[in-house]
Each structure stands twice: as C-alpha cells, then as structure tokens.
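A short write-up of the structure that comes next.
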Amino acid sequence: MTIDPSTLTITEAHRALRAKEYSAKELTEAVLLRAKNKNPEINAYAELFEDVIESADLADRMLADGSAGDLAGIPVGVKDIMLIKGKISAAGSKVLMNHRAVYDGTVVGKLKSAGAVILGRTNMDEFAMGSSSETCAYGPVKNPIDPSRVPGGSSGGSAAAVAMGGALGALGSDTGGSVRQPAALCGVVGLKPTYGAVSRYGLMAMASSLDQIGPLAKTVADTEILYRAIAGHDPMDSTSVPEGHSSRRKGAQKERLTIGIPESFVAMDGIDPDVRENFRATIEKLKQAGHKVQSVDLPSLPHALAVYYILMPAEVSANLARYDGIRYGYSKESDKLMEVYMRSRALGFGKEARRRILLGTYVLSAGYYDAYYNKAVAVRRMITEELMLVFSKVDVITTPTTPSPAFKLGEKIANPLTMYLEDIFTVPANIAGIPGISVPSGVVSRENTYLPVGVQFLAAPFCEDILFAIGKEVERVRA
Amino acid sequence: MLTKEDIERLATLARIDVSEEEKKGLAKDLDAVLAYVSEVSKITTESDTVPRVGELRNVMREDADAYPGGEWSEAILANAPHKEDGYFKVGQIF
C-alpha cells in the first residue's frame with residue numbers, strides 16, 4: 001500500500017495503522033522521506049531528528065499491544081520554541097543556536113506518551129516575533145503552495161511542514177495569530193486554544209499574558225485530535241486552568257449555530273477585495289446550510305491591534321531579559337559583566353527582537369507607563385467585556401483570518417508597521433484569552449497561482465468544541 | 001519624535017549596545033509604531049485602570065523537597081558559556 005503524505009490525514013493514518021495496512025515505521029519512513037525531499041526548498045524544519053525510527057518502533061509496540069491512542073505512530077513537527085529533552089531548542093534565534101533542552105515541555109511529553117513520532121523542530125520567526133517566518137536564524141521559510149511567497153508566521157515552519165506533507169500535524173505557538181495566520185496562508189487548519197487550556201511549561205515565553213500553544217493539521221478533525229492530546233491542567237504552569245474550574249464552562253452542542261459578523265471591522269480599509277469576497281461566499285454557504293448569521297457590534301475591536309503592540313513588546317522586554325549571555329545562550333566575552341550583557345544582546349538578537357525590546361522598554365518607562373501600558377490594559381478589558389457580551393447572543397464570531405493571501409518574501413520585512421497589520425483579525429483572541437480557529441475557505445488567484453485563504457471563528461472561553469463544530473461545517477459546505 | 005539620546009537611554013536600560021548608524025533607523029521605526037499605538041490614548045475608559053491581566057489566583061505546593069540539590073546541575077551547567085567547579089562564571093561586576 002502506497003502512502004501519500006501530502007494528502008494523508010491523522011484520522012485516515014490511524015485507521016490504516018489499526019487495520020495493519022502499514023506499520024508506524026513504514027508511515028514514519030514515508031513522511032520523513034517526503035520531509036527530506038521538500039525541506040531544502042521550503043526550509044520548514046530547522047532539524048529532522050535521527051532517532052525517529054526508535055519512536056516509530058515504540059508506537060508499533062503500542063499498536064500491537066492495544067494501548068495505542070489516536071496519535072500512536074503519527075509523525076508530527078514541533079515548533080523550535082518548545083523544549084524537547086536532549087535536542088537543540090533555538091527559537092529561531094542565534095542566541096540559542098547551541099542551547100540543548102534539559103527537559104521535555106509538557107506538550108512534548110504528552111505527544112511522546114501518546115506515541116506520536118516527533119520528526120523534527122520546525123522553523124519560526126526569531127522568538128516567535130513576526131508574521132512571515134523571514135526573521136528565522138536558520139533562514140526564511142517558503143510557502144509550499146508558492147515558494148516565492150512567505151508561509152506566514154511565526155509558526156511558518158509548522159504550517160509549511162503540514163502543507164508540504166512533511167508531517168501529518170504540528171504544534172505552533174500563537175501570541176497574536178502565529179498559529180492561525182500561517183495556517184490560513186498555507187491552506188491548513190490552525191487552532192489557538194483558550195488562554196490556560198494548554199500548559200506552557202517548556203514553551204519559551206514571548207508575551208506571557210498572550211502566548212498559547214496550538215495545533216495545526218490538514219483537517220478540523222485532525223486538529224481536534226491534537227488539541228485533545230495536549231490540553232489539560234498542569235501544576236507546572238500556574239496559568240493553566242484547573243479541571244472543574246468555573247471558567248471551564250461548556251458551550252451547548254447544537255445543530256444550528258448563530259454566527260456573528262463584526263460588520264464595520266470586516267469592512268475596514270486595507271482588506272483585500274478577493275479575501276472579502278471569499279469570506280462573504282463562505283458565510284453565504286453556512287447560511288444556506290441552516291446557520292443563523294447576524295451582525296454584531298464590537299466598537300472597540302479595531303483597537304485590539306494597537307493594544308497588542310503596547311502590551312506584547314512590554315512583556316517581551318521583560319521576558320527576553322533572561323538572555324544575558326551568562327547561564328545559557330550566545331555570549332560575547334569581556335572581563336566586565338556589563339559589557340557581556342550589552343554585547344551579547346546586541347550581537348545575539350536579530351533586528352525585530354531588538355526593536356520590540358526597546359519599544360517595550362519605552363512603553364514601560366517612567367512618564368509613559370500610564371499613557372501607554374496602563375491605558376492599553378484598560379482598553380484590553382473593554383474589548384474583552386464587549387466580546388463576552390456578544391457571546392451571550394451568538395455562538396461564534398467570524399472574520400477572515402488574514403487581510404490578504406500570502407505575500408512575497410521581502411515584501412513587508414522592511415516596514416514593521418505593515419507587517420504588524422497582518423495580525424489585525426487574529427490579535428483580538430489573544431487580547432481576550434478566547435479560542436480561535438482558522439479553517440481553509442478556498443483560494444484567490446494571484447499571478448496564475450491559486451493561493452489559499454482562511455476563515456476565522458472565535459468562541460467564548462473553553463468553547464473549543466463549538467469551533468470544531470463550525471469548522472467541520474465549513475469543510476462540509478465547501479466540499 | 002524620538003531623539004538619538006532617547007534611543008541611547010532605552011538601549012542602556014535594555015542592556016543592548018546600539019551602533020551609531022542603527023540609532024536613526026530605530027528612532028524612525030519606533031516613532032512609526034508609537035504613532036500607530038497612541039490611538040489608545042484617545043479612547044475613553046473607566047477610571048479603574050489597575051493593571052489586571054487574566055485571573056489571579058495563588059498556586060501553592062507543599063513546602064517540602066521540591067528540588068533535590070544537584071539533580072539538574074550538570075545538565076543546566078552544560079549550557080553555560082563559562083563555568084567553574086559547578087558554578088556559573090562571570091566577569092568583574094564593579
């Protein structure tokens with residue numbers, strides 16, 4: 001039986017492994033071969049591991065003795081920002097090129113005990129700061145659909161790995177859209193779970209009040225399998241929400257969902273007309289399928305991006321203070337301690353990381369703290385309250401995932417502000433700590449190439465189930 | 001508008017050396033972002049602006065032997081640029 005990694009889903013691979021149509025070892029070899037063939041051009045992986053066959057053999061034993069779950073023997077990629085014991089964990093930065101993880105992050109441990117085969121670590125923007133995966137110290141990642149274009153970011157390597165058939169699923173991290181935006185640009189599904197739903201123990205911190213780990217895969221069902229494998233309370237992460245906590249309310253399961261559209265937000269300038277038309281067409285199909293669509297009023301939503309670009313750099317400037325050239329990471333020698341700090345950080349960090357650290361230092365400095373940071377915190381609360389009010393009337397809120405399809409390499413890298421505008425639709429979920437999913441919604445034509453675009457749905461905290469339900473509806477009505 | 005001196009002050013606070021030629025570009029980039037994000041200052045919010053991010057709750061553990069001495073030392077020190085006799089080694093402080 002031939003295995004085609006470019007179309008194979010986790011669900012189908014699991015069925016075939018159970019039916020003994022092929023072994024986990026054969027599946028791993030097939031996907032690894034595909035990854036090795038595609039990687040020189042796409043650069044989705046920073047490293048493909050040497051010891052994957054051992055993991056596959058372990059999965060084959062699980063399959064033989066009946067202890068195998070949905071992920072046993074499934075080859076996956078893990079973003080280079082999550083610790084995998086004994087492997088280099090570089091977060092796409094020159095600072096950590098030689099940093100070897102001392103322990104497994106919780107999500108990595110969960111994947112391993114589920115029998116998943118971690119093929120390698122995927123490339124990303126340095127310290128997850130970017131929307132194009134061009135700031136990666138291992139070189140830029142290319143979009144498998146059109147290698148002259150970016151895959152999105154910062155989890156561009158994870159999205160590209162799945163899209164090129166070099167993994168059946170992958171993990172990314174999403175601080176302002178870093179799972180959903182690359183998923184949309186590469187034509188795969190990406191989920192940002194509720195803040196506190198997935199442990200971040202062993203995830204390098206970028207902006208701690210916003211970061212969340214999320215899965216990417218070809219289908220919504222596959223994304224759901226990965227999510228269920230990594231979710232759950234973890235005493236090692238104080239922001240992870242305990243089981244049974246009052247905030248873990250479940251949304252009611254219903255056949256027909258009420259979908260809210262923030263009309264004025266979606267009608268904003270700067271949104272590609274083809275993307276908007278694709279969005280309208282998707283919503284029309286959902287309406288025809290019996291779902292109720294209504295306009296919702298979220299007047300503060302357009303401010304989410306400005307709030308994000310105050311809070312995120314503020315937290316970045318604090319979190320990245322740890323990279324000082326003393327305990328680990330890039331170090332420039334000097335006999336004076338202060339010079340070690342100043343030079344290691346100047347030469348280790350890339351341009352965008354330095355820019356954000358300085359910006360964060362500015363908004364937190366005396367005299368500007370109230371005008372920027374405190375004001376942004378207050379507006380964050382306004383946005384969150386508006387969203388929660390709307391979720392008492394609708395099941396999901398929908399927008400396009402990105403304002404445009406994949407752009408060319410080099411097109412936006414010189415102007416930080418244009419790059420930041422990529423996050424306009426994805427940032428609100430991080431600001432409010434709510435879950436969001438991006439599902440492929442078709443293609444738009446550019447220079448004789450069909451580029452994928454995504455539709456995004458947001459739901460109330462811990463209502464991931466509703467996102468999976470509506471996501472499967474999008475797949476159904478588009479089929 | 002950020003001046004060259006502003007960038008120098010931020011760079012010192014952030015412990016990052018910034019070269020002369022980079023200062024101008026950074027000032028321009030930061031100005032553009034600050035001009036965009038200052039829209040928040042025009043928004044009317046309630047007076048209660050006590051920074052509160054997420055839900056606050058204590059996470060406690062038993063005050064017992066959570067970290068057995070030396071268990072991780074070797075693995076952790078393996079990543080250190082300079083070390084000596086089980087310690088991180090740093091240059092002159094003053």
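The values are calculated or read from the model by the stated rules, or taken from the named source; none is laboratory data. The structure displayed is predicted, hence computed values, not measured ones. Here Cβ is always computed from backbone atoms with ideal geometry, including for glycine, and neighbour counts include all displayed protein chains.
Is the stretch A:122-141 home to any residue that is at positive phi and outside any loop (DSSP other than H, G, I, E, B)?
Scanning the stretch A:122-141, I find at least one residue that is at positive phi and outside any loop (DSSP other than H, G, I, E, B), so the answer is yes.
Among the residues of the stretch A:323-332, which ones are out of contact with any Gly (no Cβ under 6 Å at 6 or more places or on another chain) and within 8 Å of chain B (Cβ to nearest Cβ)? Show your work before the answer.
Within the stretch A:323-332, the subset out of contact with any Gly (no Cβ under 6 Å at 6 or more places or on another chain) is A:324-329, A:332.
Once the filter is applied, which keeps residues that are out of contact with any Gly (no Cβ under 6 Å at 6 or more places or on another chain) and within 8 Å of chain B (Cβ to nearest Cβ), the stretch A:323-332 yields A:D324, A:G325, A:I326, A:R327, A:Y328, A:G329.
From the residues in the stretch A:302-343 that are without any contact (Cβ under 8 Å) to a residue 60 or more places away in the chain and hydroxyl-bearing (S, T, Y), which one is farthest from A:A432 (Cα to Cα)?
A:S334
Given the structure, is A:Y368 without any contact (Cβ under 8 Å) to a residue 12 or more places away in the chain, closer than 19 Å to A:H303 by Cβ and among the hydroxyl-bearing types (S, T, Y)?
Values: without any contact (Cβ under 8 Å) to a residue 12 or more places away in the chain: yes; closer than 19 Å to A:H303 by Cβ: yes; among the hydroxyl-bearing types (S, T, Y): yes.
In short, yes.
Going by the conditions given, is A:R121 surrounded by fewer than 24 Cβ atoms within 10 Å (Cβ to Cβ), at pLDDT 95 or above and among the basic types (K, R)? Spell out how you get there, then give the answer.
On the way: surrounded by fewer than 24 Cβ atoms within 10 Å (Cβ to Cβ): no; at pLDDT 95 or above: yes; among the basic types (K, R): yes.
Criteria not met by A:R121.
Evaluate the following for A:V316: is it modelled with pLDDT of 95 or more, within 8 Å of chain B (Cβ to nearest Cβ) and within 30 Å of A:D125 (Cα to Cα)? First the steps, then the outcome.
On the way: modelled with pLDDT of 95 or more: yes; within 8 Å of chain B (Cβ to nearest Cβ): no; within 30 Å of A:D125 (Cα to Cα): yes.
Against the criterion (modelled with pLDDT of 95 or more, within 8 Å of chain B (Cβ to nearest Cβ) and within 30 Å of A:D125 (Cα to Cα)), A:V316 does not qualify.
If you scan the stretch A:347-381, which residues turn out to be over 25 Å from the mean Cα position of the chain (by Cα) and farther than 18 Å from B:A35 by Cα?
A:L347, A:A366, A:A378
Suppose we keep only residues that are farther than 17 Å from A:L467 by Cβ and aliphatic (A, V, I, L, M) within the stretch A:388-406. Which one would you say is surrounded by the fewest Cβ atoms within 10 Å (Cβ to Cβ)? Working first, answer last.
First pass over the stretch A:388-406, keeping only residues farther than 17 Å from A:L467 by Cβ: A:389, A:392-393, A:402-406.
Subsequent filtering for residues that are aliphatic (A, V, I, L, M) retains A:389, A:406.
Values: A:L389: 12, A:A406: 30.
Once the filter is applied, the top-ranked residue is A:L389.
Take A:G196 and decide whether it is out of contact with any strand residue (DSSP E or B) (no Cβ under 7 Å at 6 or more places or on another chain), in a loop (DSSP other than H, G, I, E, B) and more than 24 Å from A:A314 (Cβ to Cβ). Don't jump to the end; show me each part of the working.
Values: out of contact with any strand residue (DSSP E or B) (no Cβ under 7 Å at 6 or more places or on another chain): yes; in a loop (DSSP other than H, G, I, E, B): yes; more than 24 Å from A:A314 (Cβ to Cβ): no.
For A:G196, the condition - out of contact with any strand residue (DSSP E or B) (no Cβ under 7 Å at 6 or more places or on another chain), in a loop (DSSP other than H, G, I, E, B) and more than 24 Å from A:A314 (Cβ to Cβ) - is not met.
What pairs come out if I take residues in the stretch B:24-44 that are at the interface with chain A (Cβ under 9 Å from one of its Cβ atoms) and pair them with residues that are not in a helix (DSSP H, G or I) whose C-beta lies under 6 Å away, six or more apart or interchain?
From the stretch B:24-44, the pairs are B:L30/B:L2.
In this structure, does A:G290 turn out to be over 22 Å from the mean Cα position of the chain (by Cα) and not in a helix (DSSP H, G or I)? Steps first, answer last, please.
Values: over 22 Å from the mean Cα position of the chain (by Cα): yes; not in a helix (DSSP H, G or I): yes.
For A:G290, the condition - over 22 Å from the mean Cα position of the chain (by Cα) and not in a helix (DSSP H, G or I) - is met.
Select the helices (runs of 4 or more DSSP H) contained entirely in the stretch A:371-479, then report the ones holding at least 3 residues which are closer than 21 Å to A:D272 by Cα and within 14 Å of chain B (Cβ to nearest Cβ). Lay out the reasoning, then the answer.
Numbers: elements: A:375-390, A:416-420, A:427-432, A:464-478.
Output list reads A:416-420.
Taking interchain pairs and intrachain pairs at least six residues apart, which have beta carbon atoms under 6 angstrom, with the first residue in the stretch B:76-94 and more than 7 Å from chain A (Cβ to nearest Cβ) and the second surrounded by 14 or more Cβ atoms within 10 Å (Cβ to Cβ) and outside any strand (DSSP E or B)?
Correct list of pairs: B:K83/B:L77; B:K89/B:H82.
In the stretch A:333-360, what residues are more than 7 Å from chain B (Cβ to nearest Cβ), modelled with pLDDT under 95 and outside any helix (DSSP H, G or I)?
Listed by number, the list holds a single entry, A:E333.
When you look at A:S344, is it of a type in the set (S, T, N, Q) and surrounded by 22 or more Cβ atoms within 10 Å (Cβ to Cβ), yes or no? Can you show your working first?
Numbers: of a type in the set (S, T, N, Q): yes; surrounded by 22 or more Cβ atoms within 10 Å (Cβ to Cβ): yes.
Judged against the criteria, A:S344 is a match.
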